[in-house]
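So the structure is just underneath, and the comments pick up after that.
Only the coordinates and a few stated rules stand behind these numbers; no lab work does. Not measured: the values here are computed from a predicted model.
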Amino acid sequence: MKKFKLSMILIIIITFGFIKNVNAQKQSEGLYLTYNDYLNHKLSYTTDKISIHEFIGMKNVTVISNGKKIIIPKSQLFGYHDSNNNDYRFNDDKAYQIIDTTGFYIYSYDKLVQQGKGPKPTRVYFFSKKTDDAILPLTAENIAVAFPKNTKFKYMVEVASKSDIKLDAYDAQSNEYKIKELYTESLK
């Protein structure tokens, strides 16, 4: 009986230690002022709450930080980090989720699209060649303009789009987006 009690106490201590460690590793949400802040995962404002005001088209972000309400223009921010561990970049007062950064950036944006009886959120994909470049829709035409010297990549994307292969398709086996597979292959 004594060994059982000792074992139970050890299990409880280990469990609470694990839970405390997991909670300590949870990254808080906050704002990135610059691209370098984003690269270094340095949150300029850690927050209790971020309001992006995406669907009402406001040009500001409202932040509650240490009990104080702060309003910051989106144009003065690189982006933000949310409580689900996702990063976003602001461009033209919209928040684009950064979903891949290898070689070039892929973003997604949930846009309301008329479907049937009413609008429904639809995920749309975008890209930028560099972080400070404009964010463009992920199309074969835009890829051709953005990568004029990589003719192999341009032709591969053109063939894929004519073959009804979606550039934003995700390949679970390779753990990569189709457009990234084509880009990597074009560099060989």
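Structure values in brief
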item	result
Gap separating the Cα centres of the range 36-65 and the range 119-188, nearest whole Å	28
Shape parameters for the range 101-188, alpha-carbon atoms, Rg then Dmax in Å	13.9, 48
Along each principal axis, Cα extent of the range 27-91, largest first, Å	29, 27, 20
Contour minus Cα-Cα distance for S51 and Y35 (0.36 nm per residue)	3.7 nm
Subset of K59/K120; K42/K68; K129/K154; K166/K188; K152/K180 violating a 18 Å alpha-carbon distance limit	K59/K120; K42/K68; K166/K188
